[in-house]
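See below for the structure under consideration.
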Amino acid sequence: MPGPGPSGVIGTSHLLELRAGLRGLFQLDNAFGGGDVRSLAVRHLRRVRRIINTSDFPDTIGRQLHLLAGEIAEHCGWLYYDADDQNNARRYWGEALTTATMLRDVNLEIIIFSSMSLQACHEERFRDGLDLARAAQERATRLGSPTVQSLIAAREARALALMGDSKAAGRRMADAIRLIDRDGRGRPAPEWTSFHGPAELDYFQGLLYSDLGHHHAGAHFLRAALAHHDSIYGRNRALYRLTAADILLKAGEAEEAAACAMEGVQHLDEVESGRVTRKLDSVTTSLRTIGTTGAQDAADSLTERLRTGDVA
């Protein structure tokens with residue numbers, strides 16, 4: 001646990017150690033989901049707050065400590081969102097936004113608004129989701145990172161699709177793809193966007209088509225997302241497979257959906273994510289309505305997973 005140095009003053013080395021803790025939380029979340037990781041993140045946030053309130057440091061270090069506390073609070077919000085505890089997600093994002101406003105830090109505002117956009121769509125507040133994504137995009141445009149702008153454009157496109165605006169959704173999705181192709185020609189992408197790339201874009205493209213009722217096209221892009229996916233993102237790997245199974249069922253491809261769901265089972269032991277659990281429950285219920293042997297076998301296997309609590 002970092003503490004004051006020999007002079008009793010918090011310095012750069014302590015700050016770097018605390019920031020490395022946040023980096024570790026990102027890596028754990030990507031691999032295992034938000035369920036178990038959120039308690040670690042809350043403890044790390046408490047540690048940073050204790051240091052802010054009980055230690056000595058110069059103003060330059062103080063600003064960085066406050067910013068780090070805001071970033072950890074934002075990540076706590078994300079972890080609670082992934083664990084499907086939306087009230088706590090809102091609480092931590094509210095704390096992070098207070099810090100971002102106090103410090104006038106545009107980067108932190110971008111992360112918060114783009115995360116809250118996903119939550120709004122998750123809760124079927126589609127207009128809020130669009131407005132939050134646009135607020136994030138307005139700030140991201142000033143910073144000039146194509147990757148950040150691409151990520152937010154994809155979230156804008158999802159909100160538009162959920163609102164039924166197919167033309168605007170298509171335009172923003174095309175923008176998201178065009179912007180990622182410009183990666184390297186603008187400001188470097190921040191670390192929190194490391195997951196965003198071809199697989200994530202295929203995933204959002206698949207969701208977009210399915211949201212608009214074009215389930216066969218959506219299934220095509222989910223297959224591509226699985227083909228492009230990086231194995232280090234364990235939570236997303238499970239989520240992608242179950243989402244693909246869900247869309248395949250809507251497309252009438254019951255046997256492929258069952259096979260896809262069963263392939264996802266092998267990843268579930270590693271993951272504790274409320275979003276994954278919710279999708280698992282939805283797919284299991286849908287498979288149960290299909291009369292084929294493959295669908296029933298898959299439903300039985302997934303039901304057993306839910307019953308035994310192997311998936312949190």
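The values are calculated or read from the model by the stated rules, or taken from the named source; none is laboratory data. It should be emphasised that the depicted structure is a prediction, and the values quoted were computed from it without experimental measurement. Note: ideal-geometry Cβ built from the backbone for every residue, glycine included; neighbour counts use all protein chains shown. Note: areas computed on protein heavy atoms with side chains; ligands, DNA, RNA excluded. Shrake-Rupley method; radii C 1.70, N 1.55, O 1.52, S 1.80 Å.
Residues in the stretch 218-223 carry Karplus couplings, in order, of x, 4, 4, 6, 5, 4 Hz; the curve used is 6.51 cos²θ - 1.76 cosθ + 1.60 with θ = phi - 60°, and Gly or Pro positions show x. The candidates LYS167, LYS250, LYS279, arranged from most to least accessible area with a 1.4 Å probe in the full protein assembly, appear as LYS167, LYS250, LYS279. Between the labelled values (i) 46, 44, 39; (ii) 71, 45, 31; (iii) 83, 55, 37, the entry that holds Cα extents along the principal axes in Å as derived from this structure is (ii). Annotation: PHE32 carries an accessible surface of approximately 90 Å², with a 1.4 Å probe and no ligand, DNA or RNA atoms counted. Magnitude of the charge dipole for the chain, about its Cα centre and with charges confined to Cβ atoms of Lys, Arg (+1) and Asp, Glu (-1), is about 940 debye. Rolling a 1.4 Å probe over the protein chains gives HIS66 an accessible area of about 70 Å². With a probe of 1.4 Å, find how much accessible area the chain has per residue, and write the answer as a whole number in Å². Computed with neighbouring chains in place, this is 44 Å² per residue. What FRET efficiency, computed as 1/(1 + (r/R0)^6) with R0 = 30 Å and r the Cβ-Cβ distance, is obtained for ARG178 and GLU138, rounded to the nearest 0.05? The computed FRET efficiency comes out at 0.95. Applied to the stretch 198-211, the Karplus parametrisation 6.51 cos²θ - 1.76 cosθ + 1.60 on θ = phi - 60° returns per-residue 3J(HN,Hα) values of x, 5, 5, 5, 4, 4, 5, 5, x, 4, 4, 4, 5, 4 Hz, with x for Gly and Pro. Taken one residue at a time, the phi angles of the stretch 139-146 give Karplus couplings (6.51, -1.76, 1.60, θ = phi - 60°) of 6, 5, 4, 5, 7, x, 8, x Hz. Gly and Pro are set to x. Relative to the longest principal axis of the Cα atoms of the chain, helix 274-288 runs at roughly 0 degrees. The Cβ shell under 15 Å around ASP297 holds other residues with a net charge of -3, Lys and Arg each +1, Asp and Glu each -1.
For a Förster distance of 25 Å, can you work out the FRET efficiency between the beta-carbons of ALA227 and ARG288, rounded to the nearest 0.05? Show your work: numbers first, answer last.
Working: r = 28 Å, r/R0 = 1.13.
The pair ALA227/ARG288 has a calculated efficiency of 0.30.
In the chain, what percent of the accessible surface is made up of carbon and sulfur (1.4 Å probe, ligands and nucleic acids excluded)? The partial results should precede the final answer.
Values: 6930 of 13780 Å².
The computed percentage sits at 50.
The long axis of helix 166-181 is offset from the longest Cα principal axis of the chain by roughly 60 degrees.
With 0.36 nm allotted per residue and the present C-alpha distance subtracted, the THR12-THR54 stretch has 13.4 nm of extension available.
Multiplying each eigenvalue of the alpha-carbon gyration tensor of the stretch 4-92 by 5 and taking the square root yields semi-axes of 26, 13, 9 Å, largest first, rounded to whole angstroms. Rounded to the nearest 500, the 222 nm mean residue ellipticity of the chain from helices alone is -26000 deg cm²/dmol, with -39,500 (n - 2.57) taken per DSSP H run of at least 4 residues.
Counting only alpha carbon atoms, the long axis of helix 59-82 and the longest principal axis of the chain meet at about 20°.
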